[in-house]
Ligand SMILES: Nc1ncnc2c1ncn2[C@@H]1O[C@H](COP(=O)(O)OP(=O)(O)O)[C@@H](O)[C@H]1O
Ligand SMILES: [Mg+2]
């Protein structure tokens, strides 16, 4: 039996905006196993970001059940959610979210400060993460001194430093040219294989579907194919 990593049952999420009710997630059911590389696609506004957010405990659903790596998170407190995110989850975003006045290595180290680790151990871990994304030779560059693809590799190194069980990426190649996009997907694929990290990746680009082990398609707040 494969190990279930994420399970959503009858998940609902609405937004209210100036008197309108938007059903962002309308009864979503999906199960993702450990080690899968899931590609999530669908038209703008169909609920992809909302689904990632509730799967990862960044947002709570209005109704339904969500279990992540054995922990029920659909009603969890913010304190518990942030603890689960810190231990189990990595995030990568379209616009990289790097701190502009920190170098690549400092951006990665920053997620481990302040904490229990000594500075030497923090540096060792950051170097190790940079090596995994093949960016050690750029470690002292500021974000503005990195290409788009290099920025995203820095962000991925930051996201994997605590060896997350699941990596969520919301259109990670949306700001990259085609060649850099393929490189980022190759990198995610190799991390998926080497570290066994479950991958949930949102993209618009049909050319990237081949990197996944599974394609999930959404429309109007529903999963229509999985
Ligand atoms: N904070 C919010 N307030 C109001 N409406 C929102 C909010 N977030 C998302 N929505 C709406 O919910 C729907 C799903 O959004 P989203 O999950 O961001 O879609 P996608 O990522 O597939 O483009 C859209 O109609 C969007 O406008
Ligand atoms: Mg989105």
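Within the stretch 69-81, identify whether any single residue is surrounded by 21 or more Cβ atoms within 10 Å (Cβ to Cβ) and either more than 26 Å from residue 111 (Cα to Cα) or within 16 Å of ligand 1 (Cβ to nearest atom) (or both), and answer yes or no. Even if it seems obvious, please write down each step before you answer.
Step one: filter the stretch 69-81 for residues surrounded by 21 or more Cβ atoms within 10 Å (Cβ to Cβ), giving 73.
Still in the list and also either more than 26 Å from residue 111 (Cα to Cα) or within 16 Å of ligand 1 (Cβ to nearest atom) (or both): none.
Checked the stretch 69-81: no residue is surrounded by 21 or more Cβ atoms within 10 Å (Cβ to Cβ) and either more than 26 Å from residue 111 (Cα to Cα) or within 16 Å of ligand 1 (Cβ to nearest atom) (or both).
Are any residues in the stretch 1-25 within 18 Å of residue 216 (Cα to Cα) and within 16 Å of ligand 2 (Cβ to nearest atom), and if so, which ones?
Step one: filter the stretch 1-25 for residues within 18 Å of residue 216 (Cα to Cα), giving 4-12, 24-25.
Correct list: 24, 25.
Scan the stretch 45-91 for residues that are within 16 Å of ligand 2 (Cβ to nearest atom), in contact (Cβ under 8 Å) with a residue 60 or more places away in the chain and more than 14 Å from the chain's Cα centre (by Cα) and report the count.
Number of matching residues: 2.
Which residues, taken from the stretch 154-172, are closer than 21 Å to residue 136 by Cα and within 16 Å of ligand 2 (Cβ to nearest atom)?
The one that is closer than 21 Å to residue 136 by Cα and within 16 Å of ligand 2 (Cβ to nearest atom): 172.
When the stretch 195-226 is examined, which residues are found to be assigned to a helix (DSSP H, G or I) and without any contact (Cβ under 8 Å) to a residue 12 or more places away in the chain? It would help to see each step written out before you state the result.
The first filter runs over the stretch 195-226 and keeps only residues assigned to a helix (DSSP H, G or I), leaving 195, 206-211.
Answer for the stretch 195-226, where residues must be assigned to a helix (DSSP H, G or I) and without any contact (Cβ under 8 Å) to a residue 12 or more places away in the chain: just 210.
Every residue, every condition in (1) under 30 Å from residue 13 (Cβ atoms); (2) in contact with a strand residue (DSSP E or B) (Cβ under 6 Å, 6 or more places away or on another chain), yes or no:
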residue: 57; (1), (2): yes, no
residue: 61; (1), (2): yes, yes
residue: 79; (1), (2): yes, no
residue: 98; (1), (2): yes, no
residue: 142; (1), (2): no, no
residue: 147; (1), (2): no, no
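Residue 57: more than 12 Å from ligand 1 (Cβ to nearest atom), modelled with pLDDT of 95 or more and surrounded by 15 or more Cβ atoms within 10 Å (Cβ to Cβ), yes or no?
The answer is no for residue 57.
In the set 66, 30, 108, which member is away from ligand 1 (no atom under 16 Å from the Cβ) and touching a helix residue (DSSP H, G or I) at 6+ places or on another chain (Cβ under 9 Å)?
Values: 66 fails: away from ligand 1 (no atom under 16 Å from the Cβ); 30 fails: away from ligand 1 (no atom under 16 Å from the Cβ).
On inspection, the qualifying residue turns out to be 108.
Evaluate the stretch 171-190: report whether one residue or more is closer than 30 Å to residue 21 by Cβ and not in a helix (DSSP H, G or I).
Of the residues in the stretch 171-190, the ones closer than 30 Å to residue 21 by Cβ are 171, 174.
From what is left, the residues that are not in a helix (DSSP H, G or I) are 171, 174.
Checked against the condition, which is being closer than 30 Å to residue 21 by Cβ and not in a helix (DSSP H, G or I), the stretch 171-190 yields at least one hit.
Take the stretch 165-180 and flag every residue that is in contact with a helix residue (DSSP H, G or I) (Cβ under 7 Å, 6 or more places away or on another chain) and either more than 17 Å from residue 38 (Cα to Cα) or modelled with pLDDT under 95 (or both).
Of everything in the stretch 165-180, those that are in contact with a helix residue (DSSP H, G or I) (Cβ under 7 Å, 6 or more places away or on another chain) and either more than 17 Å from residue 38 (Cα to Cα) or modelled with pLDDT under 95 (or both) turn out to be 175, 176, 180.
The values are calculated or read from the model by the stated rules, or taken from the named source; none is laboratory data. Predicted, not measured: the structure shown is a model, and the values here were computed from it. We place every Cβ from the backbone using ideal geometry, glycine too, and count neighbours over all the protein chains shown.
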